[in-house]
1. Do you know which residues across segment 147-177 are β-branched (Val, Ile, Thr) and part of a strand (DSSP E or B)?
2. If you take the residues in segment 354-372 that are in contact with a helix residue (DSSP H, G or I) (Cβ under 7 Å, 6 or more places away or on another chain) and within 13 Å of Ser313 (Cα to Cα), which one is surrounded by the fewest Cβ atoms within 10 Å (Cβ to Cβ)?
3. Contact list please: Cβ distance under 8 Å, first residue in segment 57-73 and of a type in the set (A, V, I, L, M), second residue exposed (fewer than 14 other Cβ atoms within 10 Å of the Cβ), pairs at least six apart or on different chains.
4. Out of the residues in segment 34-86 that are touching a Ser or Thr at 6+ places or on another chain (Cβ under 6 Å) and among the polar types (S, T, N, Q), state the one that is farthest from Met362 (Cα to Cα).
5. Could you please let me know if Val153 is surrounded by 24 or more Cβ atoms within 10 Å (Cβ to Cβ) and touching a strand residue (DSSP E or B) at 6+ places or on another chain (Cβ under 7 Å)?
6. What tally of residues in segment 83-104 results from selecting those that are outside any helix (DSSP H, G or I) and farther than 22 Å from Pro159 by Cα?
7. Could you give me the residue pairs with C-beta distances under 9 Å whose first residue belongs to segment 276-302 and is in contact (Cβ under 8 Å) with a residue 24 or more places away in the chain and on the phi > 0 side of the Ramachandran plot, whose second residue is assigned to a helix (DSSP H, G or I) and surrounded by 17 or more Cβ atoms within 10 Å (Cβ to Cβ) wherever it lies, and which are 6+ apart or on separate chains?
8. Only residues that are surrounded by fewer than 16 Cβ atoms within 10 Å (Cβ to Cβ) and either within 28 Å of Thr286 (Cβ to Cβ) or in contact with a helix residue (DSSP H, G or I) (Cβ under 9 Å, 6 or more places away or on another chain) (or both): list them for segment 156-182, please.
Amino acid sequence: MWLRMEDVRNGARQRLPRFVFDYVDGGAEDEACLHGNGSDLAALRLLPNCLKDTTTIDTRVEVFGQTWSRPLGVAPVGFNGLVRPDGDVLLARAAASQGIPFVLSTASNERLEAVRAAAPDAVQWMQLYVMSDRAIAEQIVRRAAAAGYGALVLTVDVPVSGMRERDLRNGFKLPFRPGLRTLWDLASHPAWSLGMARAGSPGFVNLSESTDGAASAQLQAALLARAMDRSLVWDSLAWLRRLWAGPLLLKGVLRADDAARALRAGVDGLIVSNHGGRQLDAAPSTISVLQGIVQSVEDRVPVFIDSGFRRGSDVVKALSLGARGVFVGRPAVWGLAANGEAGAREALGLIGTEIVRTLTLMGAACVRDLGPDHVTRSWTSQPQASTR
């Protein structure tokens, strides 16, 4: 039984070889941004209202005309097939079971059509990386529209991959050539190794439009290394708009002026993100810039957030500062690693239960009851009243 997210993480650590766990768990350079996401969330305090009727708690939110059971979603994570065979499908089903959205990564290991079919009535969005050959992005967008994905999420914080030192030390790249230490690591994790042996090596199957045509090894290595189109600029959004008629979100926004410019460009939503601390290690925590971005868009589009959220109380802090919802990546993948679909479902359910408990303790019967006055950033001594 898992009582907290660290229990889920420990379960993942026990099952995964070190190079896979480090790929999921690690950040860029000194991992200052990764740890700052958590420490800045922990520094916030919630100020509850008392004597409020919390007989029933309503965690539902409406986004683009669809209702989520709670203000929580599964963020796009690449290479889930390395964590578990069929990992993308299992995560999509786990999210659907909780009534929350799932965002499929361009770097997924299952055909996007298969993932959509695995939970056809659920909210699913498609994340997009734009590589140097834009024809790859174009075929992904066309297929996502045909399959019924509800929104397109363009990731904008990866002009080049962050320096992920754990991956470099582990020799984690394509083609993967394990050394003696890694071979011993594989032998020490027989359940994972046998599962991978039966399923075969996962590939980035959505880079090719054809179901029987695999993308080249060079192209798959480029995606793992995040070799993206560095000429992608604000004017490029018009190109995407010609391909995609549904809601378009930008993921990776950290500046209020960029958020305002996105609105002028016709973007339908924003995801405040530093890529979970995996890109610019000197970037700020997402929670520290959230309120400024929310204020800059003046409620004209929904603002979401990810990076570092581990507890339901973290989610409530973001909601209080104006986020419409919070996406989590590692918690869901840790659950997937530890116990498959059931593990991902339990990890997401753990956060959901904590959201309900936190709202109850806050005296908030629904998400709409929360506001910036419910969050304080620091503790200061209050002057004592005079007794004279």
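The values are calculated or read from the model by the stated rules, or taken from the named source; none is laboratory data. All figures in this text were calculated on a predicted structure; none of them were measured in a lab. Cβ sites come from the backbone with ideal geometry, for glycine too, and all protein chains shown count toward neighbours.
1. Val153, Thr155, listed by residue number.
2. Selected residue: Arg357.
3. Note: pairs meeting the criteria are Val61/Thr67.
4. It comes out as Asn37.
5. When the stated conditions are applied, Val153 passes them.
6. The number of residues fulfilling the criteria is 8.
7. Within 9 Å, the pairs are Gly276/Cys33; Gly276/Leu34; Gly276/Asn37; Gly276/Arg330; Gly277/Cys33; Gly277/Leu34; Gly277/Gly36; Gly277/Asn37.
8. Across segment 156-182, the qualifying residues are Pro159, Val160, Met163, Leu168, Arg169, Gly171, Lys173, Pro175, Phe176, Pro178, Arg181.
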